[in-house]
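Undergrad: For reference, the structure I am asking about is given below.
The values are calculated or read from the model by the stated rules, or taken from the named source; none is laboratory data. Not measured: the values here are computed from a predicted model. Because the Cβ atoms are built from the backbone with ideal geometry, glycine has one as well, and the counts that use them run over all protein chains shown. Surface areas here come from the heavy atoms of the whole protein model, side chains and all, with no ligands, DNA or RNA. Shrake-Rupley method; radii C 1.70, N 1.55, O 1.52, S 1.80 Å.
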Amino acid sequence: MSRARPLVSIVVPVFNEEGNVTALYQAVRRVFDPLADRYDVEIIFTDNRSTDGTFAEVMRLATDDARVRGFRFSRNFGFQRSIYTGYMMARGDVAIQLDCDLQDPPELIEVFL
């Protein structure tokens, strides 16, 4: 199947990030909404078995936006496994990993692309 625009997969490993999930989602939207004529985007959250409401927040976003996908581990497998899983689940032409606390500014994605 051929797409009209390249798909960019944003991989976001999460653990107890309930307060950051929506902020990260909104920041990624602010980057990609103006680029909608050039790129499609999917946002993949890999939840390392958070003990707060992180996964519920991810699922709420996924219900409202089909571009959001969430995967939850059966136990805490560690940060590196979360990143790896996100890359394995990515369907994009390119994958970019972001930390949920926005320490890496999503605004740099356009420069990267």
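Undergrad: Open to solvent by less than 50 Å² (accessible area, probe 1.4 Å), assigned to a loop (DSSP other than H, G, I, E, B), out of contact with any His (no Cβ under 7 Å at 6 or more places or on another chain) and closer than 12 Å to I10 by Cβ - does that describe any residue in segment 39-46? I'd like the intermediate steps shown before the answer.
TA: Narrowing segment 39-46 to residues open to solvent by less than 50 Å² (accessible area, probe 1.4 Å): 39-46.
Checking the rest, the ones that are also assigned to a loop (DSSP other than H, G, I, E, B) come to 39.
Adding the requirement that they be out of contact with any His (no Cβ under 7 Å at 6 or more places or on another chain) leaves 39.
With closer than 12 Å to I10 by Cβ added as a condition, the list becomes 39.
There is at least one residue in segment 39-46 that is open to solvent by less than 50 Å² (accessible area, probe 1.4 Å), assigned to a loop (DSSP other than H, G, I, E, B), out of contact with any His (no Cβ under 7 Å at 6 or more places or on another chain) and closer than 12 Å to I10 by Cβ.
Undergrad: For residues that are part of a helix (DSSP H, G or I), charged (D, E, K, R) and either over 14 Å from the mean Cα position of the chain (by Cα) or surrounded by 21 or more Cβ atoms within 10 Å (Cβ to Cβ) (or both), tally how many sit in segment 1-38.
TA: Within segment 1-38, residues that are part of a helix (DSSP H, G or I), charged (D, E, K, R) and either over 14 Å from the mean Cα position of the chain (by Cα) or surrounded by 21 or more Cβ atoms within 10 Å (Cβ to Cβ) (or both) number 1.
Undergrad: Kindly list the number of the only condition in (1) open to solvent by 40 Å² or more (accessible area, probe 1.4 Å); (2) touching a residue at least 12 places away in the same chain (Cβ under 8 Å); (3) of a type in the set (D, E, K, R) that fails for R60.
TA: (2)
Undergrad: Quick check on segment 63-85: of everything there that is among the aliphatic types (A, V, I, L, M) and without any contact (Cβ under 8 Å) to a residue 60 or more places away in the chain, which residue is least open to solvent (accessible area, probe 1.4 Å)?
TA: V68
Undergrad: Of all residues in segment 80-108 being part of a helix (DSSP H, G or I) and in contact with a strand residue (DSSP E or B) (Cβ under 6 Å, 6 or more places away or on another chain), which is farthest from S9 (Cα to Cα)?
TA: Step by step, filter segment 80-108, then rank; the result is S82.
Conditions (1) modelled with pLDDT of 95 or more; (2) in contact with a Phe, Trp or Tyr (Cβ under 9 Å, 6 or more places away or on another chain), marked per residue:
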position	(1), (2)
I10	yes, yes
Q26	yes, no
V31	yes, no
F71	yes, yes
M88	yes, no
L98	yes, no
L113	no, yes
